[in-house]
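What follows is a set of notes on a single structure, which appears directly below.
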Amino acid sequence: MEKVWGNVMFVKQRVRPVLHSIDPYQAGLTDDEIVQRFGGKAVLKLNANENPLGPSPKALQAIADELGQLHHYPDGSSSYLRDAIAQYHGCEKDAVLVGNGSDEIIRLLSETFLSPDDEVIVTFPSFSQYRAGALLMGAKVVTVPLEAESFRFDPERLLEAVNPRTKLLYVCSPNNPSGTVLEKNQLEELVKRLPPQVIVIWDAAYDEYAMSPHRAVWSQDLLETGRWIVLHTFSKLYGLAGLRVGYALGSPDIWQYAHRIREPFNVNRLAQRAAAAALYDEEHRQKSLQLVRKGKQQYERLGQAGYTLVPSDANFILVRVGNGRQVAEKLMSEGVLVRFGFGLSEYIRISIGLANENEQCVEALLRLALQGESG
């Protein structure tokens, strides 16, 4: 029997009203939850867009080298890591902000820029934390759907959503969960026509996986406008999701205000050293990219069985299966974990795994199609 703590209504009436409209982030099953649910059974974890090769070996060595220093506080400015990031991207160090995952940076940007009655534009479907950060500050969220079925961006619809109250516009490219990208001509249209009061936050968490020749590519010139911010993460390609490290590139004029509200030691010292090492582990990077490119080819067989695959430039594939929840639960019963939801009832999202994991997932989906249980 669940214990009741105090007066539920008493608490409900006293928290900030905006919290009633924010849902907690729903992550996939954790490692501990998987052990509890499946015991010793082998499980394919294709639900979190993680790197199946694991962390960069150079990052692991950097962690080992740093363990003896855990009694010291980390560098509050993440100076060593910011140096490495600035060198990697060819920008100035002051243009780099490091966070406890890009989630924290999204929250910081909301706290830096937004007041009640400001408006924030987000696309649908996309990462839920853009909306959560805006609502937390009392801002209004304006949702612009991606094109039906193709999930392509529509700059015209984004521009039509802008008004004098618009403060931030989020673009995730490649987009999560669709894997689709903002194209070069679409970027040019936004740069040319967006009014000067709008700050664009480009979430490029999956950008290093992208291969489309038509995709938009951010540039130093874009950052120097002072109105564009680009988010990156070490959780995907670099295999450091458990350390929570993200960063943003943008105007130092913006970061001087974000630093006023940033937690003083927001990135731990192991994360700082590991991320800096991973950034320059070219062998691990290339192995990770090749694994994803080959893995996507394995899923092409699903199209012949009646499934619809959304062309993806990320390390996952969005697949139309008919009843997303039902198919995800059937796969789970076979020890294959995928994601469903995102406001897309007919789809599941599959992270690219090792070759044998991809094969098992494909075979399971083909069996469901053969049994007529995918719809």
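Considering the dipole of region 136-214 built from charges on the beta carbon (Lys and Arg +1, Asp and Glu -1) around the Cα centre, which of V171, V200, P213 is farthest to its positive end? So the residue furthest toward the plus end is V200. Fraction of C-alpha pairs exceeding 17 angstrom in region 139-232: 48 percent, rounded to a whole number. Counting charges near N100 (Lys, Arg +1; Asp, Glu -1) among other residues having Cβ under 12 Å from its Cβ returns a value of 0. Among Q360, Q297, Q272, the largest mean-square fluctuation in a Gaussian network model of the chain, built with springs joining Cα atoms closer than 10 Å, belongs to Q297.
For a straight C-alpha distance cut-off of 19 angstrom, the aspartates and glutamates reachable from K12 (same-chain residues fewer than eight places away being disregarded) are E2, D23. Phi angles of region 236-253 translate, via the Karplus equation with coefficients 6.51, -1.76, 1.60 and θ = phi - 60°, into HN-Hα couplings of 9, 4, 8, x, 10, 4, x, 8, 6, 9, x, 8, 10, 10, x, 6, x, 5 Hz per residue; Gly and Pro are given as x.
A probe of 1.4 angstrom, applied to the heavy atoms of all protein chains, finds D103 with accessible area near 60 square angstrom. Think of the chain as having a plus end and a minus end, set by charges on the Cβ of Lys, Arg, Asp and Glu; of V336, Q272, H259, V336 sits farthest toward the positive end of this dipole. Amide H contacts for E346 (H built 1.01 Å from N in the peptide plane; partners 5 or more residues away or on another chain; cut-off under 5 Å): G324. Highest GNM mean-square fluctuation among L146, L279, L70, for the chain modelled with Cα contacts below 10 Å: L70.
Taking only alpha carbon atoms, region 243-300 gives an Rg to Rh ratio of 1.16, where Rh is the Kirkwood radius.
Neighbours of K58, meaning other residues whose beta-carbon lies under 11 angstrom from its beta-carbon, give a summed charge of -2 when Lys and Arg score +1 and Asp and Glu score -1. Answer rounded, prolate or oblate for region 56-199, using the Cα gyration tensor with square roots of eigenvalues a ≥ b ≥ c: rounded when a/c is under 1.5, else prolate when a/b is larger than b/c, else oblate. Note, shape of region 56-199 comes out prolate. For the pair E92 and R16, a Förster radius of 41 Å applied to the C-beta separation gives a FRET efficiency near 0.60, rounded to the nearest 0.05.
Viscosity 0.692 mPa s, temperature 37 °C: Stokes-Einstein D of region 302-346 from its Kirkwood Cα radius, in µm² per second? The partial results should precede the final answer.
On the way: Rh = 11.2 Å.
Value of D from the Cα-based Kirkwood radius: 292 µm²/s.
Is region 76-117 best put as rounded, prolate or oblate by its Cα gyration tensor, with a ≥ b ≥ c the root eigenvalues, rounded for a/c under 1.5, and otherwise prolate when a/b is larger than b/c, oblate when not? Prolate, since a/c reaches 1.5 and a/b exceeds b/c. Below 22 Å Cα-Cα, how many Lys pairs turn up in region 172-317? Only count pairs eight or more apart in sequence, or on different chains, if you could. Here the count comes out as 5.
Stretching the chain fully between K192 and A64 yields a gain of 41.3 nm (0.36 nm per residue, less the alpha carbon separation). D by Stokes-Einstein for region 110-150, Kirkwood Rh over Cα pairs, 20 °C, 1.002 mPa s: 202 µm²/s.
Centroid-to-centroid, using Cα positions, region 127-171 and region 177-234 are 14 Å apart. Here the Gaussian network model covers the chain, with springs between Cα atoms less than 10 Å apart; of A148, A241, A364, A148 fluctuates the most.
Extension gain for D253-D154 works out to 32.6 nm (0.36 nm per residue, less the C-alpha to C-alpha distance). Loop-located chymotrypsin sites (Phe, Trp or Tyr not before Pro) across region 336-366 with a Cβ neighbour count of 13 or fewer within 10 Å are lacking, with loop assigned by DSSP.
In this simple spin-label approximation, L370 and E111 carry label points 7 Å from Cα along the Cα→Cβ vector, and these lie 5.4 nm apart. Here the Karplus relation 6.51 cos²θ - 1.76 cosθ + 1.60, evaluated at θ = phi - 60°, turns the backbone of region 14-23 into coupling constants of 10, 6, 4, x, 5, 5, 5, 9, 10, 8 Hz, with x for every Gly and Pro.
Close amide H pairs (under 5 Å, H built 1.01 Å from N) link F124 with V144, L146, residues at least 5 positions away or on another chain. Separation of region 56-112 from region 236-282 is 3 Å, based on Cα centroids.
Applying the Karplus parametrisation 6.51 cos²θ - 1.76 cosθ + 1.60 with θ = phi - 60° to the phi angles of region 176-192, what ³J(HN,Hα) value in whole Hz is obtained for each residue in order, glycine and proline being reported as x? Ordered by residue, 3J(HN,Hα) equals 9, x, 8, x, 7, 10, 6, 9, 4, 5, 5, 4, 4, 5, 5, 4, 6 Hz.
Kindly identify the chain as rounded, prolate or oblate by the Cα gyration tensor criterion: order the square roots of the eigenvalues as a ≥ b ≥ c, call it rounded if a/c is under 1.5, otherwise compare a/b with b/c, prolate if a/b is larger, else oblate. Taking the square roots of the gyration eigenvalues as a ≥ b ≥ c, the chain is rounded.
At full extension, S77 and K294 could sit 74.2 nm farther apart than now, given 0.36 nm per residue minus the alpha carbon distance. DSSP finds beta bridges in the chain, and of those with both partners inside it, around 50 percent are antiparallel. Secondary-structure-derived ellipticity at 222 nm for the chain, considering helices only, amounts to -11000 deg cm²/dmol, per-run term -39500 (n - 2.57) for DSSP H runs with n ≥ 4.
Out of all DSSP beta bridges in region 94-253, what portion is antiparallel? Express it as a percent rounded to 5. Let's see the in-between values first.
Numbers: 9 of 27 bridges.
Close to 35 percent.
The Cα atoms of region 219-375 cover 58, 33, 30 Å along the three principal axes, with the biggest extent listed first. Charged side chains reduced to their Cβ positions (Lys and Arg at +1, Asp and Glu at -1) give region 42-151 a dipole of some 260 debye around its Cα centre.
The values are calculated or read from the model by the stated rules, or taken from the named source; none is laboratory data. Quick caveat, the model's predicted, so the values are computed rather than measured. So basically every Cβ, Gly included, is an ideal-geometry build from the backbone, and we count neighbours across all protein chains shown. Accessible surface areas use protein heavy atoms only, side chains included; no ligands, DNA or RNA. Shrake-Rupley method; radii C 1.70, N 1.55, O 1.52, S 1.80 Å.
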